[in-house]
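Comments concern the structure below.
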Amino acid sequence: MKEEKLLIDGKRLDGRSPEQLREIQMKLSAVNRANGSAEVKFGKTTAVASVHGPRALYPRFLQESDTGILRVRYNMAPFSVVDRKSPGPDRRSTEISKVTRLALEPTIFLEDFPKVTIDGFVEIIEADGSTRVTGINALSLSLASAGVPMKDLVASCSVGKIDGTLIVDLNGKEDNNSEADMAVAMLPNKGLISLLQMDGALTKEEILKLLQLAKESCMQIYEMQKKILKDSYKGE
Ligand code: CDP
């Protein structure tokens, strides 16, 4: 059990109010040898994503004749966490790769690309909580930047509960000591949720309130994503 309080006089240990996101930075073209790429920082969490393709899929037996496919690899760098993470895939990264793919698949017109693959990579350079949602935001931006036809951008954030209070955008310490945490991804314009994962115990009312908080935060993130994409076309 945790000994330390995570909320003091209504403020979190990093000075934020419960419903406040960390400082968010977004940058396009983070990787040269990619069709699209982006770096997204949520506070001290940094994700670099790249998209390669759409390109022909080999070996040929992997091809789907009536649709393209999205492949995603999420990887956490050994130096990204306090206790060095052993390099290479593990069960956690396999699961996060899968949910990242499922969060993004509904937005891509994959059926327009039979026999083709779109490969997405998420590298977590520095981890301080909420890495999967940071990676989803970076990969969504990378897909758009690569010119992949999309129905909507995907915006993603975490919400949860600490010291009995509902909060937005958990940092690493909050994540490790939370009473509950929830990762959410949305297609804001379409009004769809494409990722919803929860750990911990919450009442139905708390879940509904957290979904509302996630929606409001995802809208803020969505506006930033749209702005950085629009700005990248200025002066072309
Ligand atoms: O990162 P996310 O919240 O999406 O997933 P998690 O599995 O709930 O991990 C929460 C946090 O624990 C990460 O963001 C890291 O800060 C930390 N972590 C770590 O320190 N070492 C690991 N091997 C995995 C996670």
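The values are calculated or read from the model by the stated rules, or taken from the named source; none is laboratory data. The model shown is predicted, which means the values in this text are computed figures rather than measured ones. No Cβ is skipped: glycine too gets one built from the backbone with ideal geometry, and neighbour counts run over all protein chains shown. The accessibility values were calculated without ligands, DNA or RNA, using every heavy atom of the protein model including side chains. Shrake-Rupley method; radii C 1.70, N 1.55, O 1.52, S 1.80 Å.
A few points about this structure:
- Compactness of the range 103-153, taken as the C-alpha radius of gyration over 2.2 N^0.38 Å, stands at 1.24.
- The accessible-area ordering, largest first, of the residues Lys204, Lys98 stands as Lys204, Lys98, per a 1.4 angstrom probe.
- Kirkwood Rh and Cα Rg combined as Rg over Rh, evaluated for the range 21-91: 1.06
- Within the accessible surface of the range 117-169, defined with a 1.4 Å probe on protein heavy atoms only, the carbon and sulfur portion equals 47 percent.
- From its DSSP helices (H runs of at least four residues, each -39,500 (n - 2.57)), the chain gives a residue-normalised ellipticity at 222 nm of -9000 deg cm²/dmol.
- Here the label points at Ala77 and Arg91, each 7 Å from Cα along the C-beta direction, are separated by 2.7 nm in the simple model.
- C-alpha center-to-center spacing [the range 177-221, the range 5-23] in angstrom: 18 Å
- Per residue solvent-accessible surface (Å²) - the range 43-159, probe of 1.4 Å: 43 Å²
- Think of the range 1-65 as having a plus end and a minus end, set by charges on the Cβ of Lys, Arg, Asp and Glu; of Pro59, Gly10, Gly36, Pro59 sits farthest toward the positive end of this dipole.
- Between Glu19 and Thr203, the distance separating the two model label sites (each 7 Å from Cα on the Cα→Cβ line) works out to 1.8 nm.
- Share of alpha-carbon pairs per 10 Å distance bin for the range 143-210, given as whole %: 20, 43, 23, 13, 1
- Choice from Glu205, Glu174, Glu39 showing the highest fluctuation, given a GNM over the chain with Cα pairs closer than 10 Å: Glu205
- Pair-distance distribution P(r) for the range 1-124, from all Cα-Cα distances in 10 Å bins starting at 0: 11, 29, 33, 17, 7, 3, 0 percent.
- Across the range 105-112, computed HN-Hα scalar couplings (Karplus, 6.51 cos²θ - 1.76 cosθ + 1.60, θ = phi - 60°) run 3, x, 8, 9, 7, 5, 5, 7 Hz from first to last residue, x flagging Gly and Pro.
- A Cβ-based charge dipole, computed about the Cα centre of the chain with Lys and Arg at +1 and Asp and Glu at -1, lands at about 560 debye.
- Exceedance of the 24 Å cut-off in Cα-Cα distance is limited, within the set Lys190/Lys234; Lys41/Lys227; Lys27/Lys85; Lys161/Lys215; Lys151/Lys173; Lys11/Lys209, to Lys190/Lys234; Lys27/Lys85; Lys151/Lys173.
- In the distance distribution for the range 185-236, Cα-Cα pairs more than 18 Å apart total 45 percent.
- More than 28 angstrom apart: percent of Cα pairs within the chain: 30 percent
- Cα gyration tensor category, rounded, prolate or oblate, for the range 77-191 with a/c compared to 1.5: oblate
- Label-point gap, in nm, between Asn177 and Leu192 - each point 7 angstrom along Cα→Cβ: 3.9 nm
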